[in-house]
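I have placed the structure first, in the form of structure tokens, so that the comments after it can refer back to it.
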């Protein structure tokens, strides 16, 4: 019997079906592993105490010959900004440190309906604002490949928990690269779907117009399965879309016809170690029979400014509701006039969140709205147009996911601008609403490097197919030593 | 100096089942405190607004009725401000510059009174906040979110009024239009509210808020004009400010608020997709008969006077009462007179000024019976009036009251002669006078009426008195 925590969805399903182990045994093995190694990583904020009981329920169903869902026994970790009914959902913030949602996010409900087990809630930068998971009220999440290094962010707990085999897979959210960056830094696969493909109902908003929930898995196959489970129109989210446009079938000529463009601006700006790795990935893709060439995307220099303007503007409004009146943390309102109570409460956000609220408030204020917010929206639509033009020529576009290798904890925490530059390659997909994946491409000094594959809207399957072929071809058989 | 008054009218869409962005009931009035709430209308993290299509339809109907231009695309915006009754600390509303049109409607016109015209600047759809309840004797404020998220239509007029009386007339017209559209039960407490902006000459704009009834809007404006004019006389500068109407003292008071203008940081609501407006769909939304058309129809179809028709359409319930009564008993002029001169009097004389027909327990059948009994000479108008005042309280049918009180007219000549004889016995002097002076006959008639509690048939009695006096016809 293989080491249970290492299994992917297929492995878990087969093992349970063939009676090699029970769901209870599988979940226990994961809980034991969390108990043993999460001290070093700090990926989990909350463990679901009910997971074992749910495992027993599914075992009972199997024993009684009742039908089970396709994800039976699969253990999913959920980023702690996605609502789970009766299970604390903190956003890694003091503001929500005691908050228990009365409803499940649509994605969580879909997983549970398919008999998946929610194993726990995963660490993130407070309110998903950050690129390293150093900004959590519950402490830093460390990179399983080297615990002195950052794991990326903001879905750091989601990537680190999968890479260190503490869950089968996880859900993250991606506003400017928050799934892909940690996936790249932890050597796992992370997909940000087309805007609207996955319901945001239950996702605690940071920047509504940019973010999507997506899966992080050990391989592309797992990511595809979860993506298909959680996507589709949701009556609780008016911005969600039907997946009718979505083409699941891949045909035989598919491979030969595919043209891939490498975005010059995004590789030129990357560190040498990273760009070398991506060029060698390009060779791998060419050897697989894809037509690859370098191409240029105009206006990339405006992407980051546009992203941070829009994201912080929406954030400043989204986070206004945390006033401790209806839910929050213990703070006795006696002797406060309500405005001063409001100020007192809101002093409890972390520094990065405060910075973004102030920035967002500023760019929306009268006299500056036209200068910043409106311009950022213009840049956003121009970038989308430019990308659409490129997709007329290329099926897919590639780049490094992150222009740098994982770096040491604390290295960039005092320099917000350097920190924001980490997102430069990933924000394009959020600004234009297109899908993008990060797939492990190699290592340098035992630190992971990921390649980003972007497709046009609704072209997830094209991305996943190429990702899967690439993954099989380079065949990384390496696990973090913990 | 020119007076300029503009209005902002807020009207709840009470005739849709649910709130603007969730499925909680729009009728929060019958619910226990904080019982009519869900994750969306208390703004729980992760909840998303879902636009209520019926609310959109009703708002569009208002826009059509006020002759507004329709946009090609509608969208919602966030208005950001902190207040404890606002669970998200922003309100989802609509916002526009002068050049664009993304609200429900823009640039409309309404005629009222004697062909007076008011321009409508814009109509927008937004959510109502919750309500703050102040506990007496404590410093605490409690919050009831039952109202939070109820659909509200804001109607903004141009500063086209210069007389508070016109404002009152206009508000009556708007109320009647909203009632005829069946979008708002305007008789419900807080279902329709009005803020007013007023400036005099070159003076700054003053906003008056917290006016609970439309009658008080007129009073508040009259007071405010006098206040500002006095300040002008004394060369005191009028500041741009918000003032509240103090109902008890009948004055406006400066609100305790900050000096600087609040910056609401409007931006497009990212959770609600833009709405492309389909012209065919808009024209398929049928508007019921509006007050102006109804008035013309009352005049032409029923031969009512302009004045009577106006009174009937000013209050949709009266108009409806009239039409259902006429369907049962076709006597439009007498029925309309009963409604306009008598029922209306009871409505107005009621102390609160707000009693509804429903509360008055009167329906078309009552009016029909009263009108028919008078038309058929069974009772006279005086008796009818006293019956009406009883019906309003009890809801009994007139025929029942008549049997019980024996109020039908006395036409029996023997009975009447007997009464006349006893009056003649008591009033010997008057009888002598009446023989010389015919006007004294009326005095004697009055005495007989008093003896019979007004039930004596006047024509017969008069004939019998003359006969007894020996006076010719």
Problem set entry | FRET efficiency, 1/(1 + (r/R0)^6) with R0 30 Å, evaluated for residue A:478 and residue A:10 via beta carbons | 0.95
Problem set entry | Beta bridges by DSSP in the protein assembly as shown, antiparallel share as percent, to the nearest 5 | 80 percent
Exercise. In nm, to one decimal, how far is the residue A:28 label point from the residue B:377 one, both placed 7 Å along Cα→Cβ?
Worked result: 10.4 nm
For this session: At q = 0.09 Å⁻¹, what is the base-10 log of I(q)/I(0) for the stretch B:3-284 according to the Debye formula with one equal point scatterer per Cα and no solvent? Please give it to two decimals.
Result: -0.44
Exercise. Taking only the alpha-carbon atoms of chain A, what semi-axes of the equivalent ellipsoid follow from 5 times the gyration tensor eigenvalues under a square root, in whole Å, largest first?
Worked result: 31, 30, 21
Problem set entry | Whether the stretch B:290-432 is rounded, prolate or oblate, judged on the alpha carbon gyration tensor where a/c under 1.5 counts as rounded | prolate
Seminar exercise, completed: Taking only the alpha-carbon positions of the protein assembly as shown as identical scatterers, the Debye log10 I(q)/I(0) at q = 0.07, 0.10 Å⁻¹ comes out as -0.71, -1.13
Problem set entry | Cα centroid of the stretch B:128-179 to Cα centroid of the stretch A:23-98, whole Å | 49 Å
Seminar exercise, completed: The Kirkwood hydrodynamic radius of the stretch A:349-389, taken as the inverse of the mean 1/r over all distinct Cα pairs, in Å, comes to 11.6 Å
Seminar exercise, completed: Correct semi-axes for chain B, from √(5λ) of the alpha-carbon gyration tensor and rounded to whole Å with the largest first, are 56, 26, 22
Exercise. What is the Cα centroid distance between the stretch A:447-482 and the stretch A:358-388, reported in whole angstrom?
Worked result: 32 Å
Seminar exercise, completed: Taking Cα atoms, the helix B:364-375 axis meets the longest principal axis of chain B at an angle in degrees (rounded to 10) of 30 degrees
Problem set entry | Relative contact order of the stretch B:3-284, defined on C-alpha pairs under 8 angstrom at six or more residues apart (%) | 24 percent
Problem set entry | Contact order normalised by residue count of chain B, Cα under 8 Å, 6+ apart, percent | 13 percent
Problem set entry | Cα gyration tensor category, rounded, prolate or oblate, for the stretch A:1-150 with a/c compared to 1.5 | oblate
Exercise. Taking other Cβ within 10 Å of each residue's Cβ, how do A:103, A:227 sort, fewest first?
Worked result: A:103, A:227
Seminar exercise, completed: FRET efficiency (residue B:418, residue B:386; Cβ distance; R0 30 Å; to 0.05) is 0.75
Exercise. Based solely on its DSSP helices, what 222 nm [θ] is calculated for the protein assembly as shown when runs of n ≥ 4 H residues each add -39,500 (n - 2.57) and the sum is averaged over all residues, nearest 500 deg cm²/dmol?
Worked result: -12000 deg cm²/dmol
For this session: Enter the angle in degrees (range 0 to 90, nearest 10) between the Cα long axis of helix B:413-426 and the first principal axis of the Cα atoms of chain B, meaning the one along which they spread out most.
Result: 80 degrees
Problem set entry | Acute angle (nearest 10 degrees) that the helix B:53-65 long axis makes with the longest principal axis of chain B, alpha-carbon atoms | 60 degrees
Problem set entry | Relative contact order, percent, the stretch B:164-292 [alpha-carbon distance under 8 Å, six or more residues apart] | 24 percent
Exercise. Taking the Cβ-Cβ separation of residue B:443 and residue B:333 as r and a Förster radius of 45 Å, what is the calculated FRET efficiency to the nearest 0.05?
Worked result: 0.85
Seminar exercise, completed: When B:77, A:187 are arranged by how many other beta-carbons sit within 10 Å of their Cβ, fewest first, they go B:77, A:187
Exercise. For the residues B:53, A:142, what sequence is obtained by ranking on other C-beta atoms within 10 Å, fewest first?
Worked result: B:53, A:142
Exercise. Size of the stretch A:288-412 along its principal axes in angstrom, Cα-based, largest extent first?
Worked result: 70, 39, 26
Problem set entry | Cα gyration tensor shape for the stretch B:1-121, rounded if a/c is under 1.5, else prolate or oblate | prolate
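Here, each number is a calculation from the coordinates, and none is a lab measurement. Predicted model only: the values in this text are computed from it and were never measured. Because the Cβ atoms are built from the backbone with ideal geometry, glycine has one as well, and the counts that use them run over all protein chains shown.
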